[in-house]
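Worksheet: the structure to be examined is printed underneath.
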Amino acid sequence: MVQMASVVFAPSGHVLSWGWFSIELANLLIIAAMVLLFVVALLVPFGRRHAGAPVGHRPADEGGDQS
Amino acid sequence: MSSVPRAERVHRPPDSWTNALRERIVSTVPPGQALPDRQPVYVSSWIYVFGVLTLAALTVVVATGCVLAVGGSAWWHVSSLGHFVNSLHLWSVELFFGFMVIHLWGKFWMAAWRGNRVLTWVTGAVAFLASIGTAFTGYLSQSNFDSQWISAEAKDGINSIGVGAWFNVLNPGQMLLWHVVLLPLAVGAITVMHVVLVRRHGVVPPIDAEDGE
Ligand code: HEM
């Protein structure tokens, strides 16, 4: 029985185990990439105007879209 | 009210449902806030982009899903174009969930439910749950041995919570219809509510700037 099960599960990827906790490598890598992306989103400055600069210098309120 | 022209009052009495509905629609979002072209300076961070990235991924998911529905399972299993659209559908779902979870982390750590924004958080959470249901029924709709295997595993879980008679994961027709009709409608409706609520309340100020609220 045990042998059959291991045959059935053989094609699934590398599984990492710490005691009761186990996770497939691919899933762990994806979670790591998501955490990394989260941190990058917090640290990388956004756009041309950064913190401290005034919000401003757009055309006046009406008709702002002239691109 | 006295400035309303007389004729207007005659044609549209204030207690008509048309009036009430119009008032309701107009007052749902403050004037000019439905599609604003300016945001407070604290919104200038990549973390605020993840909501709209989620929305963009969802758009691709729905569009490619519609193409799969036109072609049908025989098409997406055998033709190379079918494989390609199937892959677009799968990978846009992967991005959708990745973006959504990073969006969720961002909103969690900025406690974005502050200032009467509880419903925004709750509709987000419900969108997350409904999306998981949509993804799971999607796995059951592949029409291959994988979906057959998954449904045989899932039936025990569904039966253990007592709903197997109504939600039968071994019934591919039922699962396909949940996947392509009921759950997408639910995800779409809750997403619209979520985004309207965001526009209604405006973007939440950072925690250390809260007295500006
Ligand atoms: C279908 C999935 C979702 C879509 C398309 C979506 C979309 C958006 C968009 C476009 C915004 C505008 C601001 C921004 O992006 O930062 C937003 C804000 C927000 N989202 Fe989501 N979201 C989704 C899921 C979630 C989930 C799972 C949660 C958390 C449980 C959540 C919580 C929030 C909150 C609290 C805000 C308000 C933030 C504020 O007022 O500053 N959303 N969402």
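The values are calculated or read from the model by the stated rules, or taken from the named source; none is laboratory data. Since we're looking at a predicted model, the values are computed, not measured. Glycine also receives a Cβ, built like all others from the backbone with ideal geometry; neighbour counts cover every protein chain displayed.
Can you confirm whether segment B:58-73 contains a residue that is loosely packed, with under 13 Cβ neighbours inside 10 Å, in contact with a Ser or Thr (Cβ under 9 Å, 6 or more places away or on another chain) and in a helix (DSSP H, G or I)?
There is at least one residue in segment B:58-73 that is loosely packed, with under 13 Cβ neighbours inside 10 Å, in contact with a Ser or Thr (Cβ under 9 Å, 6 or more places away or on another chain) and in a helix (DSSP H, G or I).
Within segment B:185-198, is there a residue that is of a type outside the set (Lys, Arg), assigned to a helix (DSSP H, G or I) and more than 12 Å from the ligand (Cβ to nearest atom)?
Scanning segment B:185-198, I find at least one residue that is of a type outside the set (Lys, Arg), assigned to a helix (DSSP H, G or I) and more than 12 Å from the ligand (Cβ to nearest atom), so the answer is yes.
Could you go through segment B:113-132 and let me know if any residue there is hydroxyl-bearing (Ser, Thr, Tyr) and closer than 22 Å to B:Ser92 by Cα.
Yes, because at least one residue in segment B:113-132 is hydroxyl-bearing (Ser, Thr, Tyr) and closer than 22 Å to B:Ser92 by Cα.
Being part of a helix (DSSP H, G or I) and farther than 21 Å from B:Gly71 by Cα narrows it down to one of B:Val126, B:Val169, so name that one.
B:Val126
Among the residues in segment B:74-93, are any part of a helix (DSSP H, G or I), within 14 Å of chain A (Cβ to nearest Cβ), at pLDDT 95 or above and within 15 Å of the ligand (Cβ to nearest atom)?
Looking through segment B:74-93, at least one residue is part of a helix (DSSP H, G or I), within 14 Å of chain A (Cβ to nearest Cβ), at pLDDT 95 or above and within 15 Å of the ligand (Cβ to nearest atom).
In this structure, does B:Gly124 turn out to be surrounded by 20 or more Cβ atoms within 10 Å (Cβ to Cβ), within 12 Å of the ligand (Cβ to nearest atom), within 14 Å of another protein chain (Cβ to nearest Cβ) and small (Gly, Ala, Ser)?
no
Here is a list of conditions, (1) of a type in the set (Val, Ile, Thr); (2) buried (at least 20 other Cβ atoms within 10 Å of the Cβ); (3) within 12 Å of the ligand (Cβ to nearest atom), and B:Val169 meets all of them except one; can you say which number that is?
(3)
Taking B:Met175 as meeting all but one of (1) assigned to a helix (DSSP H, G or I); (2) more than 14 Å from chain A (Cβ to nearest Cβ); (3) within 11 Å of the ligand (Cβ to nearest atom), write down the number of the exception.
(3)
Can you tell me which residue in segment B:102-121 is surrounded by the most Cβ atoms within 10 Å (Cβ to Cβ), limited to those that are more than 14 Å from every other protein chain (Cβ to nearest Cβ) and basic (Lys, Arg)?
B:Arg117
Could you give every pair whose Cβ atoms fall below 7 Å, whose first residue belongs to segment B:104-129 and is among the small types (Gly, Ala, Ser), and whose second residue is outside any helix (DSSP H, G or I) and within 6 Å of the ligand (Cβ to nearest atom), counting only separations of at least 6 or pairs across chains?
Close Cβ pairs (under 7 Å, with a partner that is outside any helix (DSSP H, G or I) and within 6 Å of the ligand (Cβ to nearest atom)) amount to B:Ala112/B:Val204; B:Gly115/B:Val204.
Of these, B:Leu170, B:Leu182, which one is touching a Lys or Arg at 6+ places or on another chain (Cβ under 7 Å), modelled with pLDDT of 95 or more and not assigned by the TED database to the domain that holds B:Gly65?
The unique qualifying residue is B:Leu170.
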